[in-house]
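Presented below is the structure to which this report refers.
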Protein chains: 2
Amino acid sequence: MTTKAIFYHAGCPVCVAAEDNVAKAIDRSRYNVEVVHLGNDKSRIAEAESAGVESVPALVLDGATFHINFGANLSDLK
Amino acid sequence: MTTKAIFYHAGCPVCVAAEDNVAKAIDRSRYNVEVVHLGNDKSRIAEAESAGVESVPALVLDGATFHINFGANLSDLK
């Protein structure tokens with residue numbers, strides 16, 4: 001069984017670096033990783049907010065939210 | 001061949017959460033993950049600084065530094 005992981009980003013350079021490194025390093029045999037571009041998919045912003053995401057890039061792993069460096073505030077994507 | 005990854009922390013609650021989730025999610029078949037407690041191993045603080053680590057917890061992956069949430073400033077560990 002795999003654990004759900006969601007990587008939220010907005011296409012910014014900091015986001016791309018985090019995706020290319022941190023998100024890609026995750027063990028896909030144990031985690032089901034979904035990548036969500038909140039700039040393109042604004043309907044998921046509320047869901048990200050509920051998970052505690054305040055800025056992107058962020059990784060939600062097993063219900064815990066981890067902000068990775070800083071690209072943009074979630075409020076700026078609305 | 002595995003890529004070197006170093007997870008720097010200082011035993012703080014934010015650090016422990018990041019280690020239990022993000023560091024443990026890394027694919028060990030592709031990455032050689034070293035966990036460094038900078039509070040206990042102050043001799044490695046200079047190395048972390050050189051890698052661009054400004055706060056812990058932080059993950060250095062393939063030469064790129066990613067700060068994960070915020071636990072403590074590196075300068076406070078000296």
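Listing for the model above:
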| quantity | calculated |
| --- | --- |
| Magnitude of the charge dipole, the protein assembly as shown, Cβ model with Lys/Arg +1 and Asp/Glu -1, debye to 20 | 260 debye |
| Distance from region A:1-65 to region B:56-78 (C-alpha centre basis), Å | 19 Å |
| Relative contact order computed over chain A (Cα-Cα under 8 Å; 6+ residues apart), in percent | 38 percent |
| Rounded to whole Hz, the Karplus (6.51, -1.76, 1.60) HN-Hα couplings of region A:17-34, x for glycine and proline | 4, 5, 5, 5, 10, 5, 4, 6, 7, 5, 6, 6, 7, 10, 10, 9, 9, 10 |
| Candidates A:Ser55, A:Ser43, A:Ser29, ranked by Gaussian network fluctuation over chain A, Cα under 10 Å, top entry | A:Ser29 |
| DSSP beta bridges in the protein assembly as shown [antiparallel fraction, %, rounded to 5] | 60 percent |
| Accessible solvent surface per residue of the protein assembly as shown, calculated while the other protein chains remain in place, 1.4 angstrom probe, Å² | 47 Å² |
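The values are calculated or read from the model by the stated rules, or taken from the named source; none is laboratory data. Treat the numbers as computed from the prediction; the structure is a model and nothing was measured. Counting neighbours? That spans all protein chains shown, and the Cβs are built from the backbone with ideal geometry, glycine included. Surface accessibility is based on the protein's heavy atoms, side chains included, excluding ligands, DNA and RNA. Shrake-Rupley method; radii C 1.70, N 1.55, O 1.52, S 1.80 Å.
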